[in-house]
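A short write-up of the structure that comes next.
The values are calculated or read from the model by the stated rules, or taken from the named source; none is laboratory data. All figures in this text were calculated on a predicted structure; none of them were measured in a lab. Virtual Cβ from ideal backbone geometry, glycine too; neighbours counted across all protein chains shown.
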Amino acid sequence: MAVQLTIIGLGQIGTSIGLALADHGEVITRVGHDRELGFARRAEKMGALDKVSINLHAAVEDADLVLLALPIDQIRETLELIRDDLKEGAVVMDTGPVKQVVAAWVAELLPPERYYVGLTPVLNPVYLHDVDSGAEAAHPDLFRDGLIGIISPPGTPSEAIKLAADLTRLFGASPLFADPLEMDGLVAATHIMPQLLAAGLLNATVGQPGWQEGRKLAGRSYAEVTAPVMYASESKTLTSAAMLNRENVVRVLDSAVASINAIRNDLAEEDGKSLEERLERAREGRQEWLKARMTADWAAEETGVIEAPTASEVFGRLIGRGRKKDK
């Protein structure tokens, strides 16, 4: 008996998860749904799915695990649509950038005996500089040597949390357990903030006096710094992520503004020594971070080497839970 995993949302993340599980057909059936049928068909053609379900309700009614790989502005609506279709014991996971609000939606909307665990995937360091998005940027090793943050509301069964941790290791990543508040703070600084800074620079330059000539001179530095504004599929998605996590985002924005003002003051006061020290500190910080990120030996750093479970071990526990429920 195979476990059914239903992936809702077949962009880069959802398709990559399907691809990562492609060799485990004996224990898992991968069902996919996307509001854009062409995306789901493309993921199926790539080998990320065993079956495409056109109907959302039918896609989840037999699912043991439902993965919402959706923009944050689509998650609540999707939970409302599938809540009555989820079978008892089903586990719902999401990969959205904001966790406190999703946990609150789940508590409000899902019936008893349906469980939620939030995932925050971090990419394999070899893909750090890729700018592509969507299914075309999907890879079976997209999460290898990265981290996957795991949050769970109070009362979540230990089996559901262990399932998330084992899935993480099955993908070749390391689990990072955190509470929703902590995770939202981390994501505000490392995911949402770079996109807002990119938007700030673009709005300060594009269309401003001198831009007609400046656009001809803008090179790699400008392209790399402004690229994050394109990471979200739509401006609405980034707006939703920032607004739903606004307390953390405002805190990080205030810190960034203070840092930029310090650079401005060095320039205004003609304090070249202070500016040089500030820039060197930033360079050293980035080099230290990038070296650690590329090495990606997080598991050994934190807890020692942990052997990844087999797919049979991971999904076998779900099958076992389902059989007990049926008795």
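A few notes on this one:
- Of all residue pairs spaced 6 or more apart or on separate chains, those with beta-carbon atoms under 7 Å, a first member in the stretch 78-100 that is on the phi > 0 side of the Ramachandran plot and a second member that is acidic (Asp, Glu) and surrounded by fewer than 19 Cβ atoms within 10 Å (Cβ to Cβ) are GLY89/GLU113.
- Only residues that are over 14 Å from the mean Cα position of the chain (by Cα), part of a loop (DSSP other than H, G, I, E, B) and either surrounded by 14 or more Cβ atoms within 10 Å (Cβ to Cβ) or not β-branched (Val, Ile, Thr) (or both) were counted across the stretch 173-224, and they come to 8.
- Any hit, the stretch 283-292, residues being more than 26 Å from ARG76 (Cα to Cα), assigned by TED's automatic domain parsing to the domain that holds LEU201 and surrounded by 12 or more Cβ atoms within 10 Å (Cβ to Cβ): yes
- Filter result for LEU197 (modelled with pLDDT of 95 or more and within 30 Å of VAL225 (Cβ to Cβ)): yes
- Only a single criterion out of (1) assigned to a helix (DSSP H, G or I); (2) at pLDDT below 95; (3) touching a Leu at 6+ places or on another chain (Cβ under 8 Å) is not satisfied by ALA232, namely (1).
- Candidates THR156, THR226, THR205 - the one that is in contact (Cβ under 8 Å) with a residue 24 or more places away in the chain, hydroxyl-bearing (Ser, Thr, Tyr) and not assigned by TED's automatic domain parsing to the domain that holds VAL98: THR226
- The residues of the stretch 53-70 that are surrounded by 19 or more Cβ atoms within 10 Å (Cβ to Cβ) and either over 20 Å from LEU167 (Cβ atoms) or not β-branched (Val, Ile, Thr) (or both), listed by number, are SER53, ALA59, ALA63, ASP64, LEU65, LEU67, LEU68, ALA69, LEU70.
- Residue that is surrounded by the most Cβ atoms within 10 Å (Cβ to Cβ) [pool: residues in the stretch 75-94 that are within 15 Å of PRO153 (Cα to Cα) and out of contact with any Lys or Arg (no Cβ under 9 Å at 6 or more places or on another chain)]: ASP94
- If the condition is being in contact with a helix residue (DSSP H, G or I) (Cβ under 6 Å, 6 or more places away or on another chain) and part of a helix (DSSP H, G or I), then the stretch 237-280 contributes THR237, LEU238, SER240, ALA241, ALA242, LEU244, ASN248, VAL249, VAL252, ASP266, SER274, LEU275.
- Unmet criterion (only one of (1) more than 30 Å from ALA165 (Cα to Cα); (2) among the hydrophobic types (A, V, I, L, M, F, W, C); (3) surrounded by 15 or more Cβ atoms within 10 Å (Cβ to Cβ); (4) at pLDDT 95 or above) for ILE260: (3)
- Checking each residue in the stretch 14-32 for being crowded, with 24+ Cβ neighbours inside 10 Å, in a helix (DSSP H, G or I) and out of contact with any Lys or Arg (no Cβ under 6 Å at 6 or more places or on another chain) picks out GLY14, THR15, SER16, ILE17.
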